[in-house]
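The block underneath contains the structure these notes are about, expressed in structure tokens.
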Amino acid sequence: MPRSRMIRLSTLVVLLVGGPSIARAQDAAAGRAAPRAKAPAGAPAGRPALTLAQAKAQAEQNAARMNWLLDKWERQSAALKTLDVVIYRVDKDSKWDSEDHYEGRAMFQSPNLAYLDFARIKRLPDQKGRLVDAIDPKTKKRVTTRTDTIVCARDDVWHYRHETRQILIFPLARGDRQRALDEGPLPFLFNMRKKDALARYDMTYMGEDKKYYAVRVYPKLKEDQETFKSAFLYLDRSYLLPSRIVLISPDAKSLRDYQLVVIRPNQPVDGKYFQGKVYKDWQVLKNPGADVAAGKNASPPAGAGARPRR
């Protein structure tokens, strides 16, 4: 497993204030190197401390800018009927000093259909000993192992665990369906409503450049706090959609960094992606966890350990 030092929270703040240098691919991103964010060259080592009046004025300006940004973001999100994005994800864990890379795809269709698929990328040392994505010389694509697929259909959620060949099916009431869509980066990608966002999050405008707005997010609700302690967003000025989402774990010892390398808004999406399907020789578990909710001591199926919320 690749080894890497955990990105510190302070480093993320520097990146947000300074602005990212993420390169967006215009075509399919398979086989390309993942975009990276950098601190701006020649950034000053320190700034004079603001007076109390200056700090108050700055906070008021940032609050006004955040309010304006939320209005604009909501209008743009309301115009989305479908969304198709290619994602490069990096998971970092300081406890194990580990780093895993994934490529994925997410598709959405209004009002509440969703599809997510992730595959772990094989990483190998290059000539300088640095770990890079392994590329198949024949296909020129990354060498990957599929891990998880989630289908949020009209009446249920299907979670495919490819490594254990299990299908977990969760029947959904209306509220449960929305909670399923709120896992991981989803609430920031589709159907963003200002009123709901302000009820769920403390959101702070952090700065902007020619391509991006930077926003810091703290969850207010317990269910969101169980998923992430804080989040950092880069909002693309053209699409008013996150080009990058960094979720800090509740214990602040790990993070998930989602980088959207291709964004296709309002393009035709095949409805088959939003339909669950049973595969031969796969174990099917309907409504797993129902026994626990009923007070019974249900244990997870063999080979299916605890998995982080996405």
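Before moving on, here are some points about what is shown:
- Selection count where residues are under 27 Å from residue 166 (Cα atoms) and surrounded by 18 or more Cβ atoms within 10 Å (Cβ to Cβ), scope the range 250-275: 8
- Identity of the residue in the range 164-174, without any contact (Cβ under 8 Å) to a residue 60 or more places away in the chain and assigned to a loop (DSSP other than H, G, I, E, B), that ends up nearest to residue 272 (Cα to Cα): 172
- Within the range 125-152, residues that are in contact (Cβ under 8 Å) with a residue 40 or more places away in the chain and surrounded by 10 or more Cβ atoms within 10 Å (Cβ to Cβ) reach partners that are among the polar types (S, T, N, Q) and part of a loop (DSSP other than H, G, I, E, B) with beta carbons closer than 8 Å, at six or more positions or on different chains, in the pairs 151/275; 152/112.
- Take the conditions (1) modelled with pLDDT of 90 or more; (2) within 26 Å of residue 288 (Cα to Cα); (3) buried (at least 18 other Cβ atoms within 10 Å of the Cβ); (4) of a type outside the set (A, V, I, L, M, F, W, C); residue 185 misses just one of them, which is (1).
- Looking across the range 86-109 at every residue that is of a type in the set (Phe, Trp, Tyr) and touching a Leu at 6+ places or on another chain (Cβ under 9 Å), the one that is nearest to residue 275 (Cα to Cα) is identified as 108.
- Members of the range 106-123 found to be modelled with pLDDT under 95 and surrounded by fewer than 17 Cβ atoms within 10 Å (Cβ to Cβ), listed by number: 110, 111
- Residue selected from the range 208-264 under the condition assigned to a strand (DSSP E or B) and small (Gly, Ala, Ser), by the criterion farthest from residue 74 (Cα to Cα): 254
The values are calculated or read from the model by the stated rules, or taken from the named source; none is laboratory data. Not measured: the values here are computed from a predicted model. No Cβ is skipped: glycine too gets one built from the backbone with ideal geometry, and neighbour counts run over all protein chains shown.
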